[in-house]
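Colleague: One structure is given below, represented as structure tokens, and several questions about it will come after.
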Amino acid sequence: MVAGDFNEILCDSEKKGGRPRAPWQTRNFRKALESTNLYDLGYEGGPFTWCNRHPDPDTIYERLDRAYADPAWRNRFSDSIVHHIPVTSSDHSAILIDTENARQQPRPKHRPFRFEAEWASSEDCEQEVKEGWNEGTNNFLPSLFAKLSSCAARLKVWNIEKGSLSLKRQIKQCEKKLTWLRKQPITTTSKLEESKIRADIERLLAKDEVYWKQRGRSIGFGKGT
């Protein structure tokens, strides 16, 4: 099996925008593949894997990334699926070759409270902390512990009820929207929507970076570094 950026299309339908590819180029590419006895594994997702990201009317889309395999590989992994996954940090989509269903690992039911650094930018979070701190004043537990426990309890509920999903799930939802959009006819409106979704993903990735930096510091402190 071979997969990656072949930097060539097989036919005119694999390109939208720009000048048509010279017939001899696509013909030579097809002949080269036929000589290797490799077969296209198909794909799930949008039909194009590359975009030059130029504004209208100079936008070009092409299917440059693909996966091929010989008959032996196809027989062994007959249920495999190739996914086109949009990536905001690259002009190419990622190629994911799924040969089996991913197994979901059970998550622990109870997790210790952890204040997330990205919450600090939310005014709602600040208000929850203030109210939690005041609630802890009348608790029978020692004052400081009571206040901290009250704040933690309120933040846990707030994090669930505020309607925001985990960063990972938010990013995944944006990627699903981007994948769906890539399957639709390309219009000026769809291009603007794609730019908006890409901006949302970049914003979420920045938050995710803060999240993992915080995790890295926690691990370092735990090891005494």
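No value in this document is a laboratory result; all are computed from the given coordinates. Computed from a predicted model, the values in this text were never measured in an experiment. Note that each Cβ is placed from the backbone with ideal geometry, even for glycine, and that neighbours are counted across all protein chains shown.
Colleague: Report, ordered by chain and residue number, the aspartates and glutamates lying within cross-link reach of LYS207, taken as a straight Cα distance under 12 Å and ignoring same-chain residues fewer than 8 apart.
Modeller: GLU116, GLU118
Colleague: Can I ask one more? How far, in nm, would the chain grow between GLU209 and LYS196 when pulled straight, counting 0.36 nm per residue and subtracting the alpha carbon separation?
Modeller: Gain on stretching GLU209 to LYS196: 2.7 nm.
Colleague: Tell me, what is the FRET efficiency for ASP91 and ASN37 to the nearest 0.05, using R0 = 35 angstrom and their Cβ-Cβ distance as r?
Modeller: 0.70
Colleague: Output ³J(HN,Hα) for the range 47-64: one whole-Hz value per residue in order, computed from phi by the Karplus curve 6.51 cos²θ - 1.76 cosθ + 1.60 with θ = phi - 60°, and x for Gly and Pro.
Modeller: Rounded to whole hertz, the list is x, 10, 10, 9, 9, 6, 6, 7, x, 4, x, 9, 6, 10, 10, 8, 9, 9.
Colleague: Starting at 0 and stepping by 5 Å, how many percent of the alpha carbon pairs of the range 2-98 end up in each bin?
Modeller: That works out to 2, 12, 22, 23, 19, 13, 6, 2, 1, in percent per bin.
Colleague: Right, another one. With labels modelled as points extended 7 Å from the Cα through the Cβ direction, what inter-label distance (nm, one decimal) is found for GLU126 paired with LYS156?
Modeller: 2.6 nm
Colleague: Sticking with this structure for a sec: Anything over 32 Å Cα to Cα? Flag those among LYS147/LYS196; LYS31/LYS176; LYS31/LYS191; LYS130/LYS177; LYS15/LYS176, in the order listed. Mind showing how you got there, number by number?
Modeller: Values: LYS147/LYS196 41 Å; LYS31/LYS176 35 Å; LYS31/LYS191 35 Å; LYS130/LYS177 37 Å; LYS15/LYS176 22 Å.
Going by Cα-Cα distance, LYS147/LYS196; LYS31/LYS176; LYS31/LYS191; LYS130/LYS177 fall outside the 32 Å limit.
Colleague: What residues have an amide H closer than 5 Å to that of TRP50, excluding those fewer than 5 places away on the same chain, when H is modeled at 1.01 Å from N in the peptide plane?
Modeller: GLU62, LEU64, SER93
Colleague: Next question. Could you pull out which residues in the range 28-52 have an amide N less than 19 Å from a spot 7 Å beyond the Cα of HIS83, following the Cα-Cβ vector?
Modeller: Taking a point 7 Å out along Cα→Cβ of HIS83, the residues of the range 28-52 whose backbone N falls under 19 Å are 41-50.
Colleague: Moving to a separate point now. Kindly state, to the nearest 0.05, the FRET efficiency for ASN134 paired with ASP12, given R0 = 45 Å and r defined as their beta-carbon distance.
Modeller: 0.10
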